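Right, one structure below, let's go through it.
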Amino acid sequence: MILRQILRLSSLFGSAVSVHVRRNIGLSAIVFNKTKELDPVQKLFLDKIREYNTKSKQAGGPVDAGPEFQKDINESLARLQRAYGEGDLTKFPEFKFE
């Protein structure tokens, strides 16, 4: 009888310890990932994206796009307007459901 109670308590204690250890390992993995420095390739990639973002905001559009690019865009928009009708093709359409 006493042996059975001891075994039951030890299994309850073991499961509680197991849950506690799993939670601590999970939390320490999250903390480790947040404090870990990015790998050099990832850091370079993010730096280039941020640099392009600032350049595009300054330029007000695509970076390093010459007059040929703007000419191609205008031709494409004119072709699409002929094919699909009037309207501003640079804006997202507004849908009205009744």
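The values are calculated or read from the model by the stated rules, or taken from the named source; none is laboratory data. The structure presented is a predicted model; accordingly, all values stated were derived computationally and were not measured. A quick note on method: Cβ atoms are made from the backbone with ideal geometry, for glycine too, and the neighbour counts reach across all protein chains shown. Keep in mind that these areas ignore ligands, DNA and RNA; they rest on the heavy atoms of the full protein, side chains included. Shrake-Rupley method; radii C 1.70, N 1.55, O 1.52, S 1.80 Å.
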Under 9 Å by Cβ, and 6 or more places apart or on different chains, what pairs join a residue from region 46-69 that is over 19 Å from residue 90 (Cα atoms) with one that is open to solvent by 70 Å² or more (accessible area, probe 1.4 Å) and modelled with pLDDT of 85 or more?
64/55
One residue is enough: does region 29-46 have a residue meeting the conditions modelled with pLDDT under 85, assigned to a helix (DSSP H, G or I), of a type in the set (Phe, Trp, Tyr) and open to solvent by 100 Å² or more (accessible area, probe 1.4 Å)?
yes
Which ones in region 51-98 are in a loop (DSSP other than H, G, I, E, B) and open to solvent by less than 80 Å² (accessible area, probe 1.4 Å)?
60, 61, 62, 63, 65, 66, 85, 87, 89, 93
